[in-house]
Amino acid sequence: GDSVTQKQGQVTLSEDDFLFINCTYSTTTYPTLLWYVQYLGQGPQLLLKVTTANNKGISRGFEATYDKGTTSFHLQKASVQESDSAVYFCALVDFSNYNVLYFGSGTKLTVEP
Amino acid sequence: GGIITQTPKFLIGQEGQKLTLKCQQNFNHDTMYWYRQDSGKGLRLIYYSITENDLQKGDLSEGYDASREKKSSFSLTVTSAQKNEMAVFLCASSSGGSERLFFGHGTKLSVL
C-alpha cells in the first residue's frame, strides 16, 4: 500500500538559517504530496501541496518540490524565524482509498533566537 | 469560516475502561476522520466516515469503535483502555475528499 517515511525527528536551527527537510514516498499511482504544519497546542494545518514533479509549491516563504526519480519530496525555507518553530508532517494522498492521507512521523523544528 | 470542537480536551481513564471522545464540526463537511498522534510516530488513521452513518476502518482501528449518527458529529470509543497509554486523538474534516483537512485541537488521553 501507499506509505511515506520521514526520518528527521528533530531539527534545531538559529534564526535566518536555511531549512531543508525531506520525506520518501511509495505509491502505485501518480502522487499528490503535502506538507502540514502543527504549532504547539493546535491541530495540523495544510502548508503546501505539490502535484507535479520538479515544480514548486510555495507558501509563506516555504517551498516544496518532489523528485520522481528518487521518490522523495522536500520542504525548504531560505531563512527561518523563531515563529516557524513547529512540527512539520509530510503526507501522501491515497486516491484509491477515498483520498485518505498517510502522514509521516513528523519533524520537530526548533528555531533559536 | 468553521471550527472543529473536540471534547473533552483531557481525558484520564483507568485500565480496561471504555472511553468516548466526541467531535463536532460546523463546516458542513462530508468526510470526517479520527487520527491518533503518538510521539515519534506521526498521525495514524483510526476511522473515517465519508458521509452520515458511514464508517471506514483505518490502519489502527483495532481496539476502537466509531459512530457518525449526524453529518456534523463523529465520536470515537476506546473499547478497553490500555494501562500507561498516552496519546493525542485528533479529529478532522474535509469537503468531498479534499486533501485539505481541518483539524481540531485534540483530546489528550492518559490511562492510569
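The numbered conditions (1) on the phi < 0 side of the Ramachandran plot; (2) surrounded by 13 or more Cβ atoms within 10 Å (Cβ to Cβ) are all true for A:T28 except (2).
On inspection, B:I46 passes the criterion of being surrounded by 15 or more Cβ atoms within 10 Å (Cβ to Cβ) and either among the β-branched types (V, I, T) or on the phi > 0 side of the Ramachandran plot (or both). Can you name every residue in the range A:17-56 that is more than 11 Å from chain B (Cβ to nearest Cβ) and assigned to a loop (DSSP other than H, G, I, E, B)? Those that are more than 11 Å from chain B (Cβ to nearest Cβ) and assigned to a loop (DSSP other than H, G, I, E, B): A:D17, A:F18, A:T27, A:T28, A:T29, A:Y30, A:P31, A:T52, A:A53, A:N54, A:N55, A:K56.
For the range A:61-113, the set of residues classified as modelled with pLDDT of 90 or more, within 14 Å of chain B (Cβ to nearest Cβ) and surrounded by fewer than 18 Cβ atoms within 10 Å (Cβ to Cβ) consists of A:K108 only. B:T77 - would you say it is away from chain A (no Cβ under 14 Å), touching a Lys or Arg at 6+ places or on another chain (Cβ under 7 Å) and farther than 19 Å from A:L92 by Cβ? It is true that B:T77 is away from chain A (no Cβ under 14 Å), touching a Lys or Arg at 6+ places or on another chain (Cβ under 7 Å) and farther than 19 Å from A:L92 by Cβ.
When B:Y48 is evaluated against the numbered criteria (1) facing chain A (nearest Cβ under 10 Å); (2) without any contact (Cβ under 8 Å) to a residue 60 or more places away in the chain; (3) over 26 Å from A:V50 (Cα atoms), which criterion, by number, is the only one it fails? That leaves (3) as the condition not met.
Count of the range A:57-103 residues, restricted to those that are assigned to a loop (DSSP other than H, G, I, E, B) and not aliphatic (A, V, I, L, M), is 14. Check the range A:6-16 and report whether any residue there is within 14 Å of chain B (Cβ to nearest Cβ), loosely packed, with under 13 Cβ neighbours inside 10 Å and of a type in the set (D, E, K, R). Checked against the condition, which is being within 14 Å of chain B (Cβ to nearest Cβ), loosely packed, with under 13 Cβ neighbours inside 10 Å and of a type in the set (D, E, K, R), the range A:6-16 yields at least one hit.
When every residue of the range B:13-36 is checked against the conditions, none turns out to be without any contact (Cβ under 8 Å) to a residue 24 or more places away in the chain and of a type in the set (G, A, S). If you scan the range B:61-88, which residues turn out to be crowded, with 18+ Cβ neighbours inside 10 Å and under 30 Å from A:T51 (Cβ atoms)? Once the filter is applied, which keeps residues that are crowded, with 18+ Cβ neighbours inside 10 Å and under 30 Å from A:T51 (Cβ atoms), the range B:61-88 yields B:R68, B:F74.
Counting only strands (runs of 3 or more DSSP E) that fall entirely inside the range B:14-112 and contain at least 2 residues that are under 23 Å from B:G1 (Cβ atoms), the qualifying elements are B:19-25, B:31-38, B:42-49, B:64-70, B:73-78, B:86-94.
The values are calculated or read from the model by the stated rules, or taken from the named source; none is laboratory data. Bear in mind that the values here come from a model prediction, so they are computed numbers and not experimental data. Heads up, the Cβs are rebuilt from the backbone with ideal geometry, glycines too, and the neighbour counts pull from every protein chain shown.
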